[in-house]
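Heads up: the structure comes next, in structure tokens.
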Amino acid sequence: MDYPIWSSGLSGGVLMAWVAITHVIVAHFAIGGGLVVVATETLSVKRADRELRELARRSSLVLILVSTVFGAISGVGIWVVAGLISPGAISSLIHTYVWGWAIEWVFFIVEIVAALVYYTTWDKISKGAHLMVGWLYVVSAYLSLVIINGIITFMLTPGDWLASRAFWDGFFNPTYWPSLVLRTGIAALMAVAFMVFVALTSSPERRPDIMRYLGWWWLAGALVSYAGYRWWEAALPDTVTAMFRGAEPWLPTLDATRAFTLWALAAGLAVGVLILLVAPRLARAVTGVVLMVAAFAFFGGYERLREGVRKPFLIHSHMFSNGLLVSQIEAINAAGLAAHSGWVAQGDPSPEALGERLYLAQCSSCHSLDGYQSIRRALPTLADMELVAADDPPGSGALHYRRECAACHRDVSYEEMAAMLPSVEEIRDDSEMIHELNRGMITMVILELREMGADFAAFDPAETFDLRGLHRPVMPPFVGTDEEAEALAAYLATLERPNSGAAAVGGE
Amino acid sequence: MHVDLIPALDAAGLPGPPWLFHVLLVFTFFLHLIFMNLTLGGTIMAFVSHLRARGRADDANGVLAARLTAVNTYAISLAITTGVAPLLFVQVLYQQYFYSGTILLGWSWFALLVLLLIGYYAAYLHKSFRGPWLGVSSVMFFAVAMVHVAVHLVHVQPEKWSAFSVGSWRVLGDPTYWPRLAHFVLAAVTFAALVAAWWAVRRARAGDAVDTNSRIAATAWQWALWATVLLVVDGFILLALLPKPVLLGLMRGGLATLGPLTLAIVLAVGLLVMLARSGRPVEHPGLVSGTLAALTLTVAIMAVTRHQTRVLYLEPSTSRFQADIVSQWGTFGLFVVVLLIGLATVFVMVRRVLTSPAEGEEAA
């Protein structure tokens, strides 16, 4: 939290999502594509099958164009974006796992060299030598997944690392093996989804055979993915599962994401089995499109879920999503964030300006002002208050409260809130008073978030934190002095939206 | 009020002794420079040669452009791949400065990804469609160099961060920005030109298209000569423009800093002499190989000197921090083993490919 803050105008999380999702799709395609392409070439040599050989050869061009540069650049892109939006987090990961990344780099070098040689030596070297190059590509690409999977899963389930700080304790964490199985299946799905398009250019008489051949790969990928997913979910700690499972998940949207993810896989499996295995003559370009959409939806849904259930952490129980370390909470509360970060201290000392810098340091890694996770939309407006206070027609106030306010005021019922609010006439007569009230509510939320820091600090740092029972379990605590809390409230109060809905009161 | 803009050291500590990361950073950066030089210098040369050929594929310039473009298929991928390691190690050693520098540059740093992608795919488009794509590729890679020089100069000058936070474009006004950029670009052109000359001489000596290859060698040799002339002049300008504490640090650093610097200057002047000795490189294959070897050595030494200037730039700041060392010798050992196996694998793979030529039904 002591780095300069990049004011990109976008939510950092959204930018990271775009780069990361692009990369993981390409990276898994590079792994699965390599496996399926080289296995296909191997089969073609054994059977002396020219059509299968052509399928492998044509597919390898896209493999090289996509994986050797796009995959590499987007992989570096994750570092680039992480360094811009969460420098503390990427620094922590790199200092913990530098040798893991260095090992992955070696596999990456072998993978890239093998890919380049594989593509450029068709028709130029012996079949045996070409297959050797291909299988070296497959092995090195898969080993790069074996390594990076340890670092990715560590972030969600660091396990024994929290107590030991030992490399291998974090690497072989509770979700390591399930995730590896799941990603292996996904890699196969990515490969087939693309290769169906290449297979469409095969001769009409052989096309059904080739489609059926790809269908078996698709079936295997889907079943392995499903098994991996179920295993992954079962390996999650209860405190993480509570986010999206059970009668009242903390984040219902993640429960919906889970359902979407599994239905996407089910739909992909059904289409793949029906068209590729049962009726391969029906395979058309639209089949490839459907399979690709299903594979991307399943994979994207899973990645969204994995990122979402890590809230409010970047490294579970160790570092929050804004870069705050659990171990820093008490020290920053005592001395203030400005004493900790020159970038917060530097500048206009007015409360609103200081508050803006505090917002950028503590909130902007997840929130934007008007876009994704909009802060402005989360703030109550005068119109919101009028609607809740007026309750005209009867029931509309409670409905509006549930829709717009209850997410933040989980422990305050509509009746309690209505009793606390001034009457609608008082609200209309004294708009300044309502601004003060609004600022008071913002201050109250910030102070609640600050108090939550004590709860986090009270956890055993050697254990996975149990977030159940926390007031706002998906948000990091606010850290800083009372004056800084006031300054943040002063800034957030300036973000109030225009009173757009006021005229509607009583009119509906 | 005095405020300290330099973030704290990472609480996790250094996963090994600092010297190890310094060595790895410089060595892997050198590897990256080899392929980066081929990519940047090769693309610029290919573009100019393509223009000079005026579309004639049989012209020596046209062949040179096609040859450099073909090399770039590998060089771009390997430049990116080898660039990952120094990017990793700089984050280990200088995370406070590096992340701050990249954040201050913001979108310019992010644009690096887009520039690289366009540069790479434009090079591919040139192969299929000709047109302006090679020019696009050259501009993109040049812009990538601009971003890297900017990141370097911002991250090593924390005393200027406050000013850069108001407008990061101010880095373009740094006295050393343009000479430093020119140094990288000219070195890249020299390297690519010498590789092209060396390859053409080999082909000519083997009796393959002797006339065309002789002309390519002579043209590339001229490129290398004039780029080196400019490089040496620019190098002295850059040295003179370094901030006084950095320059004094280099001069007072004893053998550790003066040794590499002196050797690099001697080698650069030696390169000039070697390049000026003959206008017909195909008649002096030993001279061509020796010049390329000398340039490669110069690049390695300059990588050391560049790193030393970074250390000197940052010395006032880094001397205030003492990193905890939490060595991970076991995993480092595993890295070394994997590295050796990886290198052996590449060697075996390349040897098998070179010894397994096949045609027709026997070929893959």
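Return yes or no: is B:Ala66 more than 8 Å from every other protein chain (Cβ to nearest Cβ), free of Cβ contacts under 8 Å to residues at least 24 places away in the same chain and out of contact with any Asp or Glu (no Cβ under 8 Å at 6 or more places or on another chain)? Please lay out each step first, then the result.
Numbers: more than 8 Å from every other protein chain (Cβ to nearest Cβ): yes; free of Cβ contacts under 8 Å to residues at least 24 places away in the same chain: yes; out of contact with any Asp or Glu (no Cβ under 8 Å at 6 or more places or on another chain): yes.
In short, yes.
Which of the residues belonging to region B:113-126 are at the interface with chain A (Cβ under 7 Å from one of its Cβ atoms) and either among the polar types (S, T, N, Q) or surrounded by 20 or more Cβ atoms within 10 Å (Cβ to Cβ) (or both)?
Of everything in region B:113-126, those that are at the interface with chain A (Cβ under 7 Å from one of its Cβ atoms) and either among the polar types (S, T, N, Q) or surrounded by 20 or more Cβ atoms within 10 Å (Cβ to Cβ) (or both) turn out to be B:Leu116, B:Tyr120.
Considering A:Ile152, A:Ile186, which residue is among the β-branched types (Val, Ile, Thr) and within 21 Å of A:Val38 (Cβ to Cβ)? Walk me through how you get there before you give the answer.
On the way: A:Ile152 fails: within 21 Å of A:Val38 (Cβ to Cβ).
Of A:Ile152, A:Ile186, the one residue that is among the β-branched types (Val, Ile, Thr) and within 21 Å of A:Val38 (Cβ to Cβ) is A:Ile186.
Anything in region A:121-151 that is in a helix (DSSP H, G or I) and among the polar types (S, T, N, Q)? List them, or say none. Full working, then the answer.
Quick first cut of region A:121-151, residues in a helix (DSSP H, G or I) only: A:127-151.
Correct list: A:Ser140, A:Ser144, A:Asn149.
Mind checking which residues of region A:334-350 are assigned to a helix (DSSP H, G or I) and either out of contact with any helix residue (DSSP H, G or I) (no Cβ under 6 Å at 6 or more places or on another chain) or of a type in the set (D, E, K, R) (or both)? If you could, list the steps in order and put the result at the bottom.
Initial filter on region A:334-350 (assigned to a helix (DSSP H, G or I)): A:334-335, A:337-340, A:342-345.
Selection gives A:Ala334, A:Ala335, A:Ala339, A:Gly342, A:Trp343.
Going through region B:79-106 one residue at a time, which ones are out of contact with any Gly (no Cβ under 8 Å at 6 or more places or on another chain), facing chain A (nearest Cβ under 7 Å) and on the phi < 0 side of the Ramachandran plot? Show your work before the answer.
Keep residues of region B:79-106 that are out of contact with any Gly (no Cβ under 8 Å at 6 or more places or on another chain), which gives B:79-83, B:85-90, B:92-97, B:100-101, B:104-106.
Pick out the ones that are also facing chain A (nearest Cβ under 7 Å) and you get B:80-81, B:85, B:87-88, B:92, B:95, B:100, B:104, B:106.
Scanning region B:79-106 gives B:Ile80, B:Thr81, B:Ala85, B:Leu87, B:Leu88, B:Val92, B:Gln95, B:Ser100, B:Leu104.
Would you mention how many residues in region B:113-169 are in contact with a Lys or Arg (Cβ under 9 Å, 6 or more places away or on another chain) and assigned to a helix (DSSP H, G or I)?
Count: 9.
Per-residue answers, yes or no, for (1) over 15 Å from the mean Cα position of the chain (by Cα); (2) within 21 Å of B:Ala79 (Cα to Cα); (3) among the acidic types (Asp, Glu):
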| residue | (1), (2), (3) |
| --- | --- |
| A:Ala17 | no, no, no |
| A:Lys46 | yes, no, no |
| A:Arg57 | yes, no, no |
| A:Thr68 | yes, yes, no |
| A:Pro87 | yes, no, no |
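Out of all the residues in region A:423-459, which are in a loop (DSSP other than H, G, I, E, B) and in contact with a helix residue (DSSP H, G or I) (Cβ under 9 Å, 6 or more places away or on another chain)? It would help to see each step written out before you state the result.
Keep residues of region A:423-459 that are in a loop (DSSP other than H, G, I, E, B), which gives A:423, A:430, A:459.
Hits for region A:423-459 are A:Ser423, A:Phe459.
Kindly indicate whether any position in region A:94-105 is assigned to a helix (DSSP H, G or I), under 22 Å from B:Leu88 (Cβ atoms) and in contact with a Lys or Arg (Cβ under 9 Å, 6 or more places away or on another chain). Working first, answer last.
Here is the first cut: in region A:94-105, the residues assigned to a helix (DSSP H, G or I) are A:94-105.
Going one step further and asking which of them are under 22 Å from B:Leu88 (Cβ atoms), we end up with A:94-105.
Then drop every residue that is not in contact with a Lys or Arg (Cβ under 9 Å, 6 or more places away or on another chain), which leaves A:96.
Yes, there is a match, as at least one residue in region A:94-105 is assigned to a helix (DSSP H, G or I), under 22 Å from B:Leu88 (Cβ atoms) and in contact with a Lys or Arg (Cβ under 9 Å, 6 or more places away or on another chain).
All but one of (1) modelled with pLDDT of 95 or more; (2) more than 7 Å from chain B (Cβ to nearest Cβ) hold for A:His130; state the number of the condition that does not hold.
(2)
Condition check ((1) among the aliphatic types (A, V, I, L, M); (2) in contact with a helix residue (DSSP H, G or I) (Cβ under 8 Å, 6 or more places away or on another chain); (3) part of a helix (DSSP H, G or I)) across all residues:
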| position | (1), (2), (3) |
| --- | --- |
| A:Thr153 | no, yes, yes |
| A:Pro158 | no, yes, no |
| A:Asn173 | no, yes, no |
| A:Leu189 | yes, yes, yes |
| A:Ile210 | yes, yes, yes |
| A:Tyr226 | no, yes, yes |
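Of all residues in region B:342-355, which are surrounded by 13 or more Cβ atoms within 10 Å (Cβ to Cβ) and over 14 Å from A:Thr120 (Cβ atoms)? Steps first, please.
Taking region B:342-355 and keeping what is surrounded by 13 or more Cβ atoms within 10 Å (Cβ to Cβ), we get B:342-343, B:345-346, B:349-350, B:352-353.
Correct list: B:Gly342, B:Leu343, B:Thr345, B:Val346, B:Arg352.
When you look at A:Trp79, is it in a helix (DSSP H, G or I), under 30 Å from A:Leu369 (Cα atoms), more than 7 Å from chain B (Cβ to nearest Cβ) and among the aromatic types (Phe, Trp, Tyr), yes or no? Working first, answer last.
Working: in a helix (DSSP H, G or I): yes; under 30 Å from A:Leu369 (Cα atoms): yes; more than 7 Å from chain B (Cβ to nearest Cβ): no; among the aromatic types (Phe, Trp, Tyr): yes.
For A:Trp79, the condition - in a helix (DSSP H, G or I), under 30 Å from A:Leu369 (Cα atoms), more than 7 Å from chain B (Cβ to nearest Cβ) and among the aromatic types (Phe, Trp, Tyr) - is not met.
Do you know which of the residues in region A:379-397 that are assigned to a helix (DSSP H, G or I) and of a type in the set (D, E, K, R) is farthest from A:Ile442 (Cα to Cα)? First the steps, then the outcome.
Within region A:379-397, the first condition is being assigned to a helix (DSSP H, G or I), and the residues that meet it are A:382-390, A:396-397.
Now narrow it down to the ones that are of a type in the set (D, E, K, R): A:384, A:386.
Values: A:Asp384: 14, A:Glu386: 17 Å.
Ranking the candidates gives A:Glu386 first.
In region B:148-175, what residues are among the hydrophobic types (A, V, I, L, M, F, W, C), surrounded by fewer than 19 Cβ atoms within 10 Å (Cβ to Cβ) and more than 23 Å from A:Gln346 (Cα to Cα)?
Across region B:148-175, the qualifying residue is only B:Leu172.
Could you grab me the full set of residues in region B:310-364 that are part of a helix (DSSP H, G or I), more than 27 Å from the chain's Cα centre (by Cα), of a type in the set (A, V, I, L, M, F, W, C) and at the interface with chain A (Cβ under 7 Å from one of its Cβ atoms)?
B:Leu334, B:Val353
Say we look at region A:41-73 and pick out the residues that are at pLDDT 85 or above and among the polar types (S, T, N, Q); which of these is surrounded by the fewest Cβ atoms within 10 Å (Cβ to Cβ)?
Checked region A:41-73; the qualifying residue surrounded by the fewest Cβ atoms within 10 Å (Cβ to Cβ) is A:Thr42.
Is it the case that region B:18-25 has a residue that's out of contact with any Phe, Trp or Tyr (no Cβ under 9 Å at 6 or more places or on another chain), more than 14 Å from chain A (Cβ to nearest Cβ), modelled with pLDDT of 95 or more and loosely packed, with under 15 Cβ neighbours inside 10 Å?
Checked against the condition, which is being out of contact with any Phe, Trp or Tyr (no Cβ under 9 Å at 6 or more places or on another chain), more than 14 Å from chain A (Cβ to nearest Cβ), modelled with pLDDT of 95 or more and loosely packed, with under 15 Cβ neighbours inside 10 Å, region B:18-25 yields at least one hit.
Here are the criteria: (1) touching a strand residue (DSSP E or B) at 6+ places or on another chain (Cβ under 8 Å); (2) facing chain B (nearest Cβ under 7 Å). Tell me which single one A:Gly88 does not satisfy.
Of (1) touching a strand residue (DSSP E or B) at 6+ places or on another chain (Cβ under 8 Å); (2) facing chain B (nearest Cβ under 7 Å), only one is false for A:Gly88: (2).
Which of the residues belonging to region B:102-112 are surrounded by fewer than 22 Cβ atoms within 10 Å (Cβ to Cβ) and touching a residue at least 60 places away in the same chain (Cβ under 8 Å)?
B:Gly106, B:Ser108
So in region A:355-378, with the set limited to residues that are among the polar types (S, T, N, Q) and not in a helix (DSSP H, G or I), which one is surrounded by the most Cβ atoms within 10 Å (Cβ to Cβ)? Quick ask: steps written out before the conclusion?
Initial filter on region A:355-378 (among the polar types (S, T, N, Q)): A:362, A:364-365, A:368, A:373-374.
Now narrow it down to the ones that are not in a helix (DSSP H, G or I): A:364-365, A:368, A:373-374.
Values: A:Ser364: 23, A:Ser365: 25, A:Ser368: 20, A:Gln373: 14, A:Ser374: 15.
In this case the residue turns out to be A:Ser365.
I'm trying to understand the selection: among the residues of region A:321-333, which are part of a loop (DSSP other than H, G, I, E, B) and touching a Lys or Arg at 6+ places or on another chain (Cβ under 8 Å)?
Taking region A:321-333 first, the residues part of a loop (DSSP other than H, G, I, E, B) are A:321-324.
A:Ser321 - this is the single residue of region A:321-333 that is part of a loop (DSSP other than H, G, I, E, B) and touching a Lys or Arg at 6+ places or on another chain (Cβ under 8 Å).
Taking helices (runs of 4 or more DSSP H) that do not extend beyond region B:183-296, which have at least 2 residues that are surrounded by 21 or more Cβ atoms within 10 Å (Cβ to Cβ) and of a type outside the set (Phe, Trp, Tyr)?
Counting at least 2 such residues, we get B:210-241, B:255-276.
Looking for something on the phi > 0 side of the Ramachandran plot, at the interface with chain B (Cβ under 7 Å from one of its Cβ atoms) and either of a type in the set (Phe, Trp, Tyr) or more than 24 Å from the chain's Cα centre (by Cα) (or both) - is there at least one such residue anywhere in region A:101-120? Steps first, please.
Restricting attention to region A:101-120, the residues satisfying the condition of being on the phi > 0 side of the Ramachandran plot are none.
Within region A:101-120, not a single residue is on the phi > 0 side of the Ramachandran plot, at the interface with chain B (Cβ under 7 Å from one of its Cβ atoms) and either of a type in the set (Phe, Trp, Tyr) or more than 24 Å from the chain's Cα centre (by Cα) (or both).
The values are calculated or read from the model by the stated rules, or taken from the named source; none is laboratory data. Bear in mind the structure is a predicted one, so any value in this text is a computation, not a measurement. Every residue, glycine as well, gets a Cβ built from its backbone with ideal geometry; the counts of neighbours run over all protein chains shown.
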